[in-house]
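Each value in this text was obtained by applying a stated rule to the coordinates, not by laboratory testing. Given the structure is predicted, the values throughout are model-derived calculations rather than measurements. Cβ placement follows ideal geometry from the backbone for every residue including glycine, while neighbour counts extend to all protein chains displayed.
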Amino acid sequence: MTTTLEFQPIRLPPAVQALRGEVRAFLHEEMSAGTFDPDFPTEDWDVCRKFARKVAARGWIGMCWPKAYGGQERSFLERYVVNEEMQAHHAPNTFYFTADRQSGPTLIKYASERIKAEVLPKIIAGEASFCIGMSEPDSGSDLFAAKCKAVRTDGGWKIQGTKIWTTNAHRADYMIGLFRTSPSLPENHRHGLTSFLVDMRASGIQCNPIRQMSGIHDFNEVVFDEVFVPEDQLIGEVDGAWKQATTELAYERSGPERFLETLTVLRALIDLDRAEPVPQVSESVGRLVAELHSLRRMSVSVAGMLEAGREPAVEAAIVKDLGTAWEQDLPQRVRLAVARASQGSAAYRRFEDILQYCTRIAPKLTVQGGANEVLRGIIARGLGLR
Ligand SMILES: Cc1cc2nc3c(=O)[nH]c(=O)nc-3n(C[C@H](O)[C@H](O)[C@H](O)COP(=O)(O)OP(=O)(O)OC[C@H]3O[C@@H](n4cnc5c(N)ncnc54)[C@H](O)[C@@H]3O)c2cc1C
């Protein structure tokens, strides 16, 4: 199949720009109150939980969802600017982010009415956090080789096996996970997987921490030992989850979080250059900001397509590939640029701390949410090249 690539330029309407102003004012209030430091994202779950409630009170969680489920039916572009401001300021949005971005929309599309009525209002109130159970020790890129299984039992299913790299599994309330319910078929190796909503407090779940080289503990190995999941926590079609997983990944791959994770180091470079301008440093700043601007236009364009009800999987993969490669290279490029800057000031010492932090988180950026090599395969297929 050949897809025509389309990155139509989208102009954000005035109402959306006004919303950006509201979000910025809110974030500045929170930063002034000392809730968070935009240069160093916090790991403190309690801070993240309290922040989620404040964002919920503003109506910024589940803002595009149907009114019938407590949403406001606002546009993807409005959600985009809220998300963009949160990411650009490194706001502590971890508690609600996964639920708002992908778990909630998946439940709206595929969950039972009981689950929708029970769980969606909790997400919108900033009271329920989610993790994603896709990767396994022997199936990351090849998601459809998953072995962790769900077997029918009285009134539901029993889960047995292991997931890995599960971000926030140790503190999330729920997981939406992909489990093997039948063998794959010779004519369709993606057949045989089913999605379930798992209550992370259910008995038989053990989360083993995995620490990243940055010192952060946010992902885990999750071991399921005969974990019972009631029948109505089945999400969508038995054995047909691959169709749902593909849609979910389009939400996961295109947002501003895919190029803003190391933005602080560029901001720090700009601050240094503003204090003591050096022409070569200013030139680097100009180049980096122009690249960022192009990435952002592409990402906004994908948001516009989601708004129009399309599933821009190839365009989303391009944004993630280019965006994460850019944010991964950024600390190294900034380090080279700053070699020409004046290095004695207090501003420079803060800059160094930020650079160190961004350098340590950079390696993961092109792997989380699907490795870039695999995305390039999706892009090539979409362009009819393979
Ligand atoms: C910070 C972080 C957070 C994460 N959070 C989650 C989470 O919450 N939930 C979850 O389920 N997973 C999560 N993951 C896992 C992530 O989705 C996987 O790491 C990723 O899909 C790659 O899978 P893998 O690690 O098994 O590597 P592999 O699939 O073994 O890949 C190893 C290498 O081989 C290359 N490769 C593999 N297949 C191909 C191919 N077909 N063509 C070309 N090259 C290929 C890859 O690009 C990679 O370089 C997270 C990962 C990170 C780094």
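Does H191 qualify as being crowded, with 17+ Cβ neighbours inside 10 Å, assigned to a loop (DSSP other than H, G, I, E, B) and either of a type in the set (F, W, Y) or more than 14 Å from the ligand (Cβ to nearest atom) (or both)?
Working: crowded, with 17+ Cβ neighbours inside 10 Å: yes; assigned to a loop (DSSP other than H, G, I, E, B): yes; either of a type in the set (F, W, Y) or more than 14 Å from the ligand (Cβ to nearest atom) (or both): yes.
It is true that H191 is crowded, with 17+ Cβ neighbours inside 10 Å, assigned to a loop (DSSP other than H, G, I, E, B) and either of a type in the set (F, W, Y) or more than 14 Å from the ligand (Cβ to nearest atom) (or both).
Condition check: more than 16 Å from the ligand (Cβ to nearest atom), part of a helix (DSSP H, G or I), hydrophobic (A, V, I, L, M, F, W, C) and closer than 25 Å to R20 by Cβ. Does V289 satisfy that?
When the stated conditions are applied, V289 passes them.
Suppose we filter G323, G304 for residues that are part of a helix (DSSP H, G or I), more than 21 Å from L263 (Cβ to Cβ) and under 21 Å from the mean Cα position of the chain (by Cα); which single one remains? Quick ask: steps written out before the conclusion?
Numbers: G323 fails: more than 21 Å from L263 (Cβ to Cβ).
None of the other options fit; the residue is G304.
Here's the yes/no breakdown for (1) among the hydroxyl-bearing types (S, T, Y); (2) out of contact with any helix residue (DSSP H, G or I) (no Cβ under 9 Å at 6 or more places or on another chain); (3) touching a residue at least 24 places away in the same chain (Cβ under 8 Å); (4) under 21 Å from Y69 (Cα atoms):
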| site | (1), (2), (3), (4) |
| --- | --- |
| G126 | no, no, yes, yes |
| F130 | no, no, yes, yes |
| K149 | no, yes, yes, no |
| T153 | yes, yes, yes, no |
| G156 | no, no, yes, no |
| R171 | no, no, yes, no |
| G177 | no, yes, yes, no |
| R180 | no, yes, yes, no |
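Determine, yes or no, whether G377 is assigned to a helix (DSSP H, G or I), within 16 Å of the ligand (Cβ to nearest atom), buried (at least 21 other Cβ atoms within 10 Å of the Cβ) and among the small types (G, A, S).
No: the conditions fail for G377.
With the condition kept exactly as written, say whether any residue in the range 217-228 is more than 16 Å from the ligand (Cβ to nearest atom) and surrounded by 15 or more Cβ atoms within 10 Å (Cβ to Cβ).
Yes - at least one qualifying residue is present in the range 217-228.
Filter the range 28-55 down to residues that are buried (at least 20 other Cβ atoms within 10 Å of the Cβ) and outside any loop (DSSP other than H, G, I, E, B), then give me how many there are.
Of the residues in the range 28-55, 4 are buried (at least 20 other Cβ atoms within 10 Å of the Cβ) and outside any loop (DSSP other than H, G, I, E, B).
Report, by residue number, each residue of the range 151-169 that is part of a strand (DSSP E or B) and within 16 Å of the ligand (Cβ to nearest atom).
I159, G161, T162, K163, I164
Exactly one condition in (1) within 20 Å of the chain's Cα centre (by Cα); (2) not in a loop (DSSP other than H, G, I, E, B) is not met by H217; state its number.
Unmet for H217, out of (1) within 20 Å of the chain's Cα centre (by Cα); (2) not in a loop (DSSP other than H, G, I, E, B): (2).
So that you can scan it fast, the table gives a plain yes or no per residue for (1) more than 21 Å from D225 (Cα to Cα); (2) in a loop (DSSP other than H, G, I, E, B); (3) within 16 Å of the ligand (Cβ to nearest atom); (4) not charged (D, E, K, R):
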| site | (1), (2), (3), (4) |
| --- | --- |
| Q102 | yes, no, yes, yes |
| P105 | yes, no, no, yes |
| I108 | yes, no, no, yes |
| I115 | yes, no, no, yes |
| K122 | yes, no, no, no |
| C131 | no, no, yes, yes |
| K147 | no, yes, yes, no |
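I'd like to know if the range 61-75 contains one or more residues that are of a type in the set (V, I, T) and in a helix (DSSP H, G or I).
Initially, the range 61-75 is screened for residues of a type in the set (V, I, T), giving 61.
Adding the requirement that they be in a helix (DSSP H, G or I) leaves none.
Looking for residues that are of a type in the set (V, I, T) and in a helix (DSSP H, G or I), one finds none in the range 61-75, hence no.
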